[in-house]
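**Student:** Mind having a look at this structure? Questions to follow.
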(Lines give C-alpha, C1' and ligand atoms only; values in the text may rest on other atoms or scores of the structure.)
Protein backbone atom coordinates (compact mmCIF):
# COMPACT_ATOMS: atom_id res chain seq x y z
CA UNK A 1 0.00 0.00 0.00
CA UNK A 2 1.41 3.36 -0.96
CA UNK A 3 1.98 6.11 1.55
CA UNK A 4 -0.20 9.21 1.24
CA UNK A 5 1.48 12.37 -0.02
CA UNK A 6 0.92 14.19 3.26
CA UNK A 7 -2.06 16.39 2.45
CA UNK A 8 -5.04 16.12 4.76
CA UNK A 9 -7.44 15.02 2.01
CA UNK A 10 -5.10 12.35 0.65
CA UNK A 11 -4.41 10.95 4.13
CA UNK A 12 -8.15 10.91 4.84
CA UNK A 13 -8.85 9.07 1.58
CA UNK A 14 -5.98 6.69 2.32
CA UNK A 15 -7.40 5.93 5.79
CA UNK A 16 -10.85 5.33 4.31
CA UNK A 17 -9.36 2.93 1.76
CA UNK A 18 -7.65 1.02 4.57
CA UNK A 19 -10.93 0.88 6.50
CA UNK A 20 -12.84 -0.34 3.43
CA UNK A 21 -10.28 -3.09 2.81
CA UNK A 22 -10.52 -4.08 6.49
CA UNK A 23 -14.29 -4.44 6.16
CA UNK A 24 -14.14 -6.32 2.85
CA UNK A 25 -11.58 -8.73 4.32
CA UNK A 26 -14.13 -9.46 7.06
CA UNK A 27 -16.74 -10.30 4.41
CA UNK A 28 -18.68 -7.04 4.48
CA UNK A 29 -20.22 -5.55 1.34
CA UNK A 30 -19.46 -1.87 0.72
CA UNK A 31 -22.52 -0.08 -0.66
CA UNK A 32 -21.37 3.53 -0.68
CA UNK A 33 -18.29 5.64 -0.03
CA UNK A 34 -18.46 9.31 0.98
CA UNK A 35 -22.25 9.49 0.71
CA UNK A 36 -23.50 13.06 1.07
CA UNK A 37 -26.86 14.70 1.10
CA UNK A 38 -26.68 18.40 0.30
CA UNK A 39 -25.15 20.20 3.29
CA UNK A 40 -26.59 17.83 5.90
CA UNK A 41 -23.52 15.65 6.32
CA UNK A 42 -21.41 12.87 4.91
CA UNK A 43 -20.96 9.22 5.78
CA UNK A 44 -17.53 7.81 5.02
CA UNK A 45 -18.59 4.22 4.37
CA UNK A 46 -21.98 2.53 4.18
CA UNK A 47 -21.75 -1.24 4.29
CA UNK A 48 -23.68 -4.41 5.01
CA UNK A 49 -22.59 -6.73 7.81
CA UNK A 50 -24.75 -9.81 7.41
CA UNK A 51 -28.30 -8.43 7.57
CA UNK A 52 -27.31 -5.12 9.21
CA UNK A 53 -26.84 -1.82 7.41
CA UNK A 54 -23.80 -0.11 8.93
CA UNK A 55 -22.82 3.55 8.74
CA UNK A 56 -19.10 3.94 9.39
CA UNK A 57 -17.17 7.02 10.46
CA UNK A 58 -13.45 6.71 9.72
CA UNK A 59 -11.03 8.78 11.78
CA UNK A 60 -7.26 8.89 11.61
CA UNK A 61 -4.28 10.45 13.32
CA UNK A 62 -0.69 10.69 12.21
CA UNK A 63 0.59 12.20 15.48
CA UNK A 64 -0.37 11.92 19.13
CA UNK A 65 -0.38 15.56 20.22
CA UNK A 66 -4.06 15.96 19.31
CA UNK A 67 -5.15 12.68 20.89
CA UNK A 68 -6.34 9.45 19.36
CA UNK A 69 -8.54 9.15 16.27
CA UNK A 70 -11.42 8.23 18.57
CA UNK A 71 -10.98 11.49 20.49
CA UNK A 72 -11.89 13.41 17.33
CA UNK A 73 -15.45 12.05 17.19
CA UNK A 74 -17.45 14.90 18.68
CA UNK A 75 -21.10 15.04 19.73
CA UNK A 76 -21.74 17.29 16.71
CA UNK A 77 -20.22 14.67 14.39
CA UNK A 78 -22.33 11.92 15.97
CA UNK A 79 -25.52 13.96 15.40
CA UNK A 80 -24.57 14.65 11.78
CA UNK A 81 -23.82 11.00 11.04
CA UNK A 82 -27.07 9.85 12.64
CA UNK A 83 -29.14 12.46 10.79
CA UNK A 84 -27.44 11.65 7.49
CA UNK A 85 -27.94 7.91 8.09
CA UNK A 86 -31.66 8.52 8.63
CA UNK A 87 -31.85 10.45 5.35
CA UNK A 88 -30.00 7.65 3.56
CA UNK A 89 -32.44 5.03 4.85
CA UNK A 90 -35.44 7.14 3.81
CA UNK A 91 -34.05 7.95 0.36
CA UNK A 92 -32.94 4.38 -0.35
CA UNK A 93 -36.13 2.75 0.94
CA UNK A 94 -34.36 1.07 3.86
CA UNK A 95 -36.27 2.72 6.70
CA UNK A 96 -36.88 0.23 9.50
CA UNK A 97 -34.12 -2.19 8.52
CA UNK A 98 -31.62 -3.17 11.22
CA UNK A 99 -28.77 -0.67 11.30
CA UNK A 100 -26.00 0.69 13.47
CA UNK A 101 -23.21 3.26 13.43
CA UNK A 102 -19.61 2.06 13.74
CA UNK A 103 -16.30 3.89 13.96
CA UNK A 104 -12.96 2.81 12.57
CA UNK A 105 -9.80 4.41 13.90
CA UNK A 106 -6.71 4.30 11.71
CA UNK A 107 -3.81 5.27 13.95
CA UNK A 108 -0.59 6.07 12.10
CA UNK A 109 1.24 7.50 15.11
CA UNK A 110 4.41 5.96 16.53
CA UNK A 111 5.57 4.77 13.12
CA UNK A 112 3.12 1.89 12.80
CA UNK A 113 -0.45 1.43 11.66
CA UNK A 114 -3.12 0.30 14.09
CA UNK A 115 -6.74 -0.25 13.01
CA UNK A 116 -9.43 -0.29 15.69
CA UNK A 117 -13.04 -1.07 14.78
CA UNK A 118 -15.79 -0.07 17.21
CA UNK A 119 -19.16 -1.69 16.51
CA UNK A 120 -22.25 0.24 17.52
CA UNK A 121 -20.00 3.14 18.52
CA UNK A 122 -22.76 5.76 18.58
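**Student:** Restricting attention to the range 100-114, which residues are crowded, with 17+ Cβ neighbours inside 10 Å and modelled with pLDDT of 95 or more?
**Tutor:** 101, 102, 103, 104, 105, 106, listed by residue number.
**Student:** Considering each residue of the range 1-41, count those that are surrounded by fewer than 18 Cβ atoms within 10 Å (Cβ to Cβ), at pLDDT below 95 and within 18 Å of residue 69 (Cα to Cα), and give that number.
**Tutor:** 7
**Student:** Right, here's the next one. I need every pair where a residue in the range 77-98 that is closer than 11 Å to residue 53 by Cβ has its Cβ under 6 Å from the Cβ of a residue that is part of a helix (DSSP H, G or I), sequence separation at least 6 or different chains.
**Tutor:** 95/89
**Student:** Could you list, in sequence order, all residues of the range 42-69 that are farther than 19 Å from residue 17 by Cβ and surrounded by 15 or more Cβ atoms within 10 Å (Cβ to Cβ)?
**Tutor:** 52, 53, 68
The values are calculated or read from the model by the stated rules, or taken from the named source; none is laboratory data. Bear in mind that the values here come from a model prediction, so they are computed numbers and not experimental data. All Cβ positions, even for glycine, are placed from backbone atoms using ideal geometry, and neighbour counts span all protein chains on display.
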